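Structure first, then comments.
Values in this text are rule-based calculations from the coordinates and carry no lab data. Only a predicted model underlies this, so the values are computations on that prediction, with no experimental measurement involved. Methodologically, a virtual Cβ is constructed for each residue, glycine included, from the backbone with ideal geometry; neighbour enumeration extends over all protein chains shown.
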Amino acid sequence: MSPFARQLHEIRMRHGIRQNDLAELIGYDQTYISALEVGLKGPPTIEFVEKLVATLPLTSAEEDELRTAAKASDRKLILEPDAHPDVYWMLDTLRQKLDGLHPAQARLIRELLNLPEVVLQQETEPLQRLRRRRNMEVQM
């Protein structure tokens, strides 16, 4: 289930709104809302999300969560043409293993990708110093 599907369902339940009622309020078909909630439809359009935000009595936190969930539910990925080959290989491997990926593996990958730049730089500095030291020893 996509983050948006879950968020839409939770918000609708919290506000006690049936799918039919929500569909009437925002001008969409009930079957579309149902398909969004079960994940049959991809992420909604920006217009759909904005209609939800404008129509429902949402807190600013709920509005932010809904927009963030819609963005996170995008199923397509476009690489920049000048992306490093390692990025292509990493995505190819991920694509091959995606269906069998355990949620714990997904969390670990996300944590790795969210490592602060400071941590990543600290890991490479000792290697650079070691290389310099080796180069200096060779020259002696």
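With a Förster radius of 30 Å applied to the beta-carbon distance between Ser60 and Glu111, the computed FRET efficiency rounds to 0.60.
Using DSSP to call loops (not H, G, I, E or B), can you name the trypsin sites (Lys or Arg not before Pro) in segment 56-106 whose Cβ has at most 15 other Cβ atoms within 10 angstrom? When the trypsin sites (Lys or Arg not before Pro) of segment 56-106 are filtered for loop state and at most 15 Cβ neighbours within 10 Å, Arg75, Lys76 remain.
For segment 96-107, putting each phi into the Karplus relation 6.51 cos²θ - 1.76 cosθ + 1.60 with θ = phi - 60° gives couplings of 5, 9, 4, 5, x, 5, 7, x, 5, 5, 4, 4 Hz, in residue order, rounded to whole numbers and with x for Gly and Pro. Look at Ser34, Ser2 and count the other Cβ atoms within 10 Å of each Cβ; fewest to most, that gives Ser34, Ser2. Here the Kirkwood formula, the inverse mean of 1/r across different C-alpha pairs, assigns segment 1-116 a hydrodynamic radius of 16.1 Å.
Listed values for segment 49-63 are Karplus-derived 3J(HN,Hα) couplings in whole Hz (6.51 cos²θ - 1.76 cosθ + 1.60, θ = phi - 60°), namely 4, 5, 5, 4, 4, 6, 8, 8, x, 8, 6, 5, 5, 5, 4, and x replaces Gly and Pro. Between Thr93 and Lys51, the simple label model (points 7 Å from Cα in the Cβ direction) yields a spacing of 4.3 nm.
The simple spin-label model puts a point 7 Å past each Cα toward its Cβ; for Ala83 and Arg14 those points are separated by 3.3 nm.
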